[in-house]
Amino acid sequence: MSRLESMMRRLAAQKIGLEWCVEQTKDIIGDLAEIGLGNGRSYDHLREIAPDRKIWVLDRVLQCHPSCIPPAGTFLQGEASEVIAQMKRDNIGIALAHYDFGVGIKDKDEAEAAALSPLIRDIMVKDGLLISGQPLVGFTQIEGPAEIPAGRYYFYKT
Ligand SMILES: C[S@@+](CC[C@H](N)C(=O)[O-])C[C@H]1O[C@@H](n2cnc3c(N)ncnc32)[C@H](O)[C@@H]1O
């Protein structure tokens with residue numbers, strides 16, 4: 001499979017998965033977290049499908065499309081390890097997190113996801129969901145939407 005095909009499948013899974021997770025968590029009290037603003041594509045979709053939820057947006061740099069700049073006070077710039085620790089100190093509770101860090105180098109991306117998992121777990125509320133492009137550790141893996149083949153995108157509950 002070419003990298004283009006792989007990316008198309010990943011993005012389709014991301015869109016379907018985000019919509020599924022927003023529906024699943026609609027009655028769970030807590031905020032949303034977009035972990036990895038990047039260009040802002042998945043954040044833009046998340047805010048469109050969850051207009052009534054507060055979305056915290058994390059990235060070490062603000063380099064998104066101008067139309068996707070998060071509202072003042074919701075963009076948390078810095079290294080994720082430090083930013084998430086501060087969210088914990090601020091008593092922020094996350095009902096749904098989308099983890100989208102990664103540069104496409106499997107070992108490196110998975111190591112980063114594993115290292116950040118315990119910190120992310122600390123800010124999740126009970127029964128919260130995580131959707132992730134990388135395997136996370138310390139959560140219970142669940143089946144996501146039926147249309148997404150196992151392993152293409154990851155789904156967890158706390
Ligand atoms: C794959 S991009 C996110 C793509 C984005 N969700 C979208 O749909 O456009 C990953 C982003 O995560 C950020 N990132 C990766 N590791 C990070 C870390 N440890 N702390 C903060 N930001 C990080 C990078 O700066 C990059 O912008």
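The values are calculated or read from the model by the stated rules, or taken from the named source; none is laboratory data. Just so it is clear, the structure is predicted and the values come from calculations on it, not from any experiment. Here the Cβ positions follow ideal geometry from the backbone for every residue, glycine too, while neighbour counts run over all protein chains shown.
Any residue that is part of a loop (DSSP other than H, G, I, E, B), more than 12 Å from the ligand (Cβ to nearest atom), within 19 Å of residue 10 (Cβ to Cβ) and in contact with a strand residue (DSSP E or B) (Cβ under 6 Å, 6 or more places away or on another chain) - is there at least one of those in region 114-129? Within region 114-129, not a single residue is part of a loop (DSSP other than H, G, I, E, B), more than 12 Å from the ligand (Cβ to nearest atom), within 19 Å of residue 10 (Cβ to Cβ) and in contact with a strand residue (DSSP E or B) (Cβ under 6 Å, 6 or more places away or on another chain). Which of the residues spanning region 19-52 are in a strand (DSSP E or B) and under 11 Å from the mean Cα position of the chain (by Cα)? Passing the criteria: 32, 33, 34, 35.
Residue by residue, here is whether (1) in contact with a Gly (Cβ under 8 Å, 6 or more places away or on another chain); (2) within 8 Å of the ligand (Cβ to nearest atom); (3) modelled with pLDDT of 95 or more holds:
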position	(1), (2), (3)
19	no, no, yes
72	no, no, no
81	no, yes, yes
88	no, no, yes
109	yes, no, yes
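Do the conditions hold for residue 127, that is, is it exposed (fewer than 12 other Cβ atoms within 10 Å of the Cβ) and of a type outside the set (A, V, I, L, M, F, W, C)? Taking the combined requirement at face value, the residue does not satisfy it.
Residues in region 90-107 that are exposed (fewer than 12 other Cβ atoms within 10 Å of the Cβ) and more than 9 Å from the ligand (Cβ to nearest atom): 90, 91, 105, 106, 107. Of all residue pairs spaced 6 or more apart or on separate chains, those with beta-carbon atoms under 7 Å, a first member in region 18-30 that is surrounded by fewer than 18 Cβ atoms within 10 Å (Cβ to Cβ) and a second member that is in a helix (DSSP H, G or I) are 19/49.
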